[in-house]
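Enquirer: What follows is a structure written as structure tokens; I'll ask about it next.
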Amino acid sequence: MNDTPEVFRFAPSPNGELHLGHAYSALVNHRMAREAGATFLLRIEDIDRARCTPAFERQIEEDLFFLGVDWDGPPRRQSEHFSDYAAALEALADEELIYPGFMSRGEIRAFAERHESEEGTPWPRDPDGAPVYPGLDRRLSTRERERKMRDGERFAWRLDMEKAMERVPALSWQESGESPDGDSGEITARPLAWGDVVLARLDMPTSYHLSVVVDDALQGVTDVVRGRDLFHATSVHRLLQALLGLPAPRYHHHALILGPDGRKLSKSLRDTSIRALREAGLGAEDIRRMVGLAGRLAPESFSRGRSARG
């Protein structure tokens, strides 16, 4: 019998207003936690200090209260715990599993386009559709890396994916939701599809991938409920958990709320924000109804469905 207390969490980023997609995720998450008699936590994922603001954080809390979503204990703000992520990064560095990558996003795109033009074959893309990092900097000598860093060249700390996979060649996770292809149960993790992912940058001392696995472990999270757009990222998270000796939560990836054009909702579409809907006179039950959680399907302008990142 498993006596580990169940812990769920909702983890928004305060870089814009919550929209209907966030409302659906928060409501599903909260309902699953309360029905299980579990602890429900609020985490504020504010590692991007340039875009995240206290005003958006206050708005998030107001919108959640409006929807009837409460949480246990004070929220955890990632910006207050950079030392935790630095310790995890140092542990990976001690195992020689990370290296400085000096190519910018633009340089990676240009490399991929040049390869496709010269070779006539497509350059691999990660599950989000971005060109996979070619790993050229992985082969630099220690002296050359130190010279570049000493000269002030910008870089990001990247995970050496091939070396990491040699340590943990087989990984999986338990999925009670569905993959974009409709799979559930035990899911095989495929982190190699992501290439050498970024774990930290000079202007951002941690990445989403690194911070989320550290936070889930430190907060004792047993059940991660989130949108299906993060399904493939779970492969990276399982790898980092294994490398850092962290426990693996159970996962439930739910359907997304899609806009009229069939795309995932964005914070830039303010007319779908909870604040805008509240100002238009809608109540919490109206919003539950719009996302299909009040006994009837969502209207034509919004639908629950499968989607890649929009």
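Readers should treat all values here as calculations from the given coordinates under stated rules, not as data from a laboratory. None of the values given here were measured: they were computed from a predicted structure. Cβ coordinates were reconstructed from backbone atoms using ideal geometry, including for glycine residues, and neighbour counts include every protein chain displayed.
Enquirer: In what sequence, highest mean first, do 183-190, 112-119 appear when ranked by Cβ atoms within 10 angstrom?
Expert: So the order, starting with the most tightly packed, is 183-190, 112-119.
Enquirer: Between the helical axis of 233-244 and the dominant principal axis of the chain, each derived from Cα atoms, what acute angle in degrees is found, rounded to the nearest 10?
Expert: 60
Enquirer: Could you work out how far helix 105-119 tilts from the main Cα principal axis of the chain, as a 0 to 90 degree angle to the nearest 10?
Expert: Rounded to the nearest ten degrees, it is 70.
Enquirer: Compute the signed sum of charges (Lys and Arg +1, Asp and Glu -1) over the other residues within less than 12 Å, Cβ to Cβ, of GLU166.
Expert: -2
Enquirer: Ignoring everything except DSSP H segments at least 4 long, calculate the 222 nm mean residue ellipticity for the chain; use -39,500 (n - 2.57) per segment, divide by total residues, nearest 500.
Expert: After summing the helix terms and dividing by the residues of the chain, the value is -10500 deg cm²/dmol.
Enquirer: Arrange GLU90, GLU178 by Cβ neighbour counts within 10 Å, fewest through most, would you?
Expert: Starting with the residue having the fewest Cβ neighbours, the order is GLU90, GLU178.
Enquirer: Still on this structure: Only Cα pairs within less than 10 Å get springs; with that Gaussian network setup on the chain, which residue of GLU45, GLU166, GLU17 has the largest fluctuation?
Expert: Among GLU45, GLU166, GLU17, the largest mean-square fluctuation in the Gaussian network model of the chain belongs to GLU166.
Enquirer: Which angle between 0 and 90 degrees, to the nearest 10, do you get for helix 82-94 versus the longest principal axis of the chain when only C-alpha atoms count?
Expert: 40
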